[in-house]
Amino acid sequence: MPVSGIKQPFKIEIPVEKNTKNNLVFTPSLKREYKNIDYTLEKVELTPITTSITTRIKLPANSKISSSLPLFLSYEIYDDKGKQLNFISNNGWSATDGNVLINDSRFEPFLSLPKEITIKVYKSILKKG
């Protein structure tokens, strides 16, 4: 980064270390179907910072994922004691620009490792106005 009046560039060096040794990754590949829409829970990742889930939605072959398609699925995650995790963010994309939508959702981390988790999927219905 140049700084006026100084000939040498100003440098800030911050050491970064990838630390994934405490992450738990599960690939359950659980599948469900709803009105010709295939839904798959592909991955659940528990880290000290977030709880992430990766899902895949597959429409019939003659359909295409688009921004006008009213296919808004949301998730709630609960631990084995019924405590719901707060939602942080998500990112979805159609990798094939076709009938498959992949979605990564992030939630707050579990305070302690639960014996089991519950993921509730629901469809948001949007109305004009």
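Suppose a student asked you for the relative contact order of the chain, using Cα pairs under 8 Å spaced at least 6 residues apart; what percent would you report? Spell out each step's value before the answer.
Values: 228 pairs, mean separation 27.9, N = 129.
Relative contact order here is 22 percent.
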*Compute the distance in nm between two label points, each set 7 Å from the Cα along the Cα-to-Cβ direction, one at THR27 and one at ILE12.*
3.8
*What is the distance, in nm, between label points placed 7 Å from the Cα along the Cα-to-Cβ direction at ASP80 and at ILE125?*
3.6
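Determine, for VAL25, VAL121, VAL16, VAL100, the number of other Cβ atoms within 10 Å of each Cβ, and report the residues in order from fewest to most.
Details: VAL25 11, VAL121 14, VAL16 5, VAL100 17.
Taking fewest neighbouring Cβ atoms as first place, the list is VAL16, VAL25, VAL121, VAL100.
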*How much net charge surrounds ILE88 when only the other residues with a Cβ under 14 Å from the Cβ of ILE88 are counted, with Lys and Arg +1 and Asp and Glu -1?*
-3
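I'd like the Kirkwood hydrodynamic radius of the chain, using the inverse of the mean 1/r over distinct C-alpha pairs, in Å. Walk me through the numbers before you get to the answer.
On the way: mean 1/r = 0.0571 Å⁻¹.
17.5 Å is the Kirkwood radius here.
Each reported figure results from applying straightforward, stated rules to the coordinates on display, with no laboratory input. Just so we're clear, the structure is a prediction, and the values are computed from it rather than from any experiment. So basically every Cβ, Gly included, is an ideal-geometry build from the backbone, and we count neighbours across all protein chains shown.
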